[in-house]
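Reviewing the structure listed below.
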Amino acid sequence: MTMALLAGCIFATAFIRAGAENRCGLSVEEAGAQCKLCAGGINSECGIGEKCFLSLPDCSNSRNAAVDNPGDTFSSLTSEQLSNARTIRKVADDYKIPKRGLVVALAAALENSRLRNLKSGSKGALGLFQQRPSEGWGSAAEVLDPVRATRAFLGVASHTRNSGLWNIKGWESMSVGQAASAVQVAIPAANFDRWASLAQNVASNLG
């Protein structure tokens with residue numbers, strides 16, 4: 001890593017520690033990790049120096065990371081996150097999706113948006129699951145509708161032909177991360193698996 005890139009990573013994490021808005025609710029550690037990935041050349045869209053941080057998705061409705069990043073339990077969710085979790089649960093119930101599917105959907109929403117209905121994101125991604133209209137997930141209005149977005153992720157929507165969870169053969173025997181990644185193929189399973197415990201806790205407490 002060059003000195004310019006290293007300086008950019010230091011800038012990014014210091015920026016968040018100072019309490020400034022970090023745009024996607026990333027923790028200091030997450031922002032630092034993403035910056036290092038940029039510096040390592042993994043993400044070709046990242047620039048150098050502070051641009052490494054500034055190239056992170058420009059998410060709306062973002063606040064300080066301490067507010068938006070959920071903890072390890074159901075009780076750590078904000079009212080916004082809890083409302084969205086209940087929406088996901090209701091959709092799963094309406095379509096008789098087993099609890100395992102609910103857990104996968106919650107983990108996906110936690111990874112993609114921290115359970116917030118974001119009105120902007122990377123490369124035009126929107127909503128709870130950061131679905132892109134340009135990739136066939138529906139219109140902007142549809143992917144910003146938590147109910148329709150959840151239906152699309154679960155594979156029970158009528159407004160998109162994209163494969164959702166219910167269309168993935170053998171998803172029930174996959175890990176939470178593998179199942180979520182089978183729907184959102186651009187995201188590694190490990191990214192979803194880190195939310196599996198919280199998603200299970202939330203699903204259990206939602207009833």
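The label point for residue 99 and the one for residue 189, both projected 7 Å from the Cα toward the Cβ, are 2.3 nm apart. Pairs from the table (119/169; 90/169; 90/119) lying more than 29 angstrom apart at Cα are 119/169. Loop-located trypsin sites (Lys or Arg not before Pro) in region 67-163 (DSSP state other than H, G, I, E, B) with a sparse environment of at most 12 neighbouring Cβ atoms within 10 Å: 96, 119, 161. Converting phi to 3J(HN,Hα) with the Karplus coefficients 6.51, -1.76 and 1.60 and the offset θ = phi - 60°, region 180-188 yields 5, 5, 5, 7, 10, 5, 7, 10, x Hz in sequence order, with x at every glycine or proline. Here 129, 153 are placed in order of increasing Cβ neighbour count within 10 Å, fewest first, which gives 129, 153. Taking other Cβ atoms within 10 Å as a rough exposure proxy, 166, 137, 171 sort from fewest to most as 166, 171, 137.
Here, each number is a calculation from the coordinates, and none is a lab measurement. Predicted model only: the values in this text are computed from it and were never measured. With ideal geometry, Cβ positions are generated from the backbone for all residues, glycine too; neighbour counts draw on all protein chains shown.
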